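A short reminder: the numbers here are calculations on the coordinates, not readings from a lab. Since the model is a prediction, treat every value here as computed from it, not as a measurement. Every residue, glycine among them, receives a Cβ derived from its backbone with ideal geometry; neighbour counts consider all protein chains shown.
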């Protein structure tokens, strides 16, 4: 068996370190600070309490474990990971160091995250650039990165998606007056971030094509 095998006999320094790290990760997930014994509340006067097995866990190792666990669930922006580490009580300098390393090895990449996010939201919800910019900002993606990704969406692309949204919505609006259909469609597109110009054009074209609105 390899000397680095994690199944080594209990009590080896390696196993003790692994157990401390596991305990520290569990403590972090429970909402306790990632401090590695530093910055904890002052102990009362008198003899110090016995040291718990995970008090000397490396806060950087714990922070890395928390980040990796967060990324396993779904991709995250750097700002989201910073907020997660802050909630766990991770010192800002440790969080910055760990996240810098994660960026260096490609595990944290806001541009790749933004591209994935945009594809998902356009496919699933049909969001336009304006709404996507707002949501990326809320996720902590800086405006320069977001703008670079969103620049790949052309006006024709937005118009095509808007047509699909309108066509789908119209299936449940048969028989309504044109003014009512127009108002509801415009509201739907506005909530998804489409400009008034695209909305007017797409709605007019779509309604004109309906048999119920064609002149005899």
A chain fully extended from residue 191 to residue 86 at 0.36 nm per residue, minus the present Cα-Cα distance, gains in nm 34.6 nm
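Relative contact order for region 102-204 using alpha-carbon pairs under 8 Å, separation at least 6, rounded to a whole percent?
31 percent
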Percent of Cα pairs exceeding the 15 Å cut-off, where the set is region 83-144: 59 percent
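Using the 10 angstrom Cβ neighbour count as an exposure proxy, how do 119, 60 rank, fewest first?
Numbers: 119 11, 60 17.
By the 10 Å Cβ count, ascending, the order reads 119, 60.
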Rg/Rg_ref, region 111-213, where Rg_ref = 2.2 N^0.38 Å and atoms are Cα: 1.17
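List 127, 176 from most exposed to least, where exposure is judged by having the fewest other Cβ atoms within 10 Å. Don't skip to the answer; put the middle values down first.
Details: 127 23, 176 14.
Starting with the residue having the fewest Cβ neighbours, the order is 176, 127.
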Quickly work out the residue 97-to-residue 156 label distance, labels modelled 7 Å from Cα along the C-beta direction, and quote it in nm with one decimal. 5.2 nm
Just want the ordering: 110, 143, 58, from fewest to most Cβ atoms lying within 10 Å of their own Cβ. 143, 58, 110
Give, in nm to one decimal, the length gained when the segment between residue 107 and residue 130 is fully stretched (0.36 nm per residue of separation minus the Cα-Cα distance). 5.5 nm
Simple spin-label estimate for residue 180/residue 147, 7 Å along Cα→Cβ, in nm, reads 4.4 nm
Between residue 138 and residue 72, the two model label points (7 Å from Cα along the beta-carbon direction) sit apart by a distance in nm of 2.8 nm
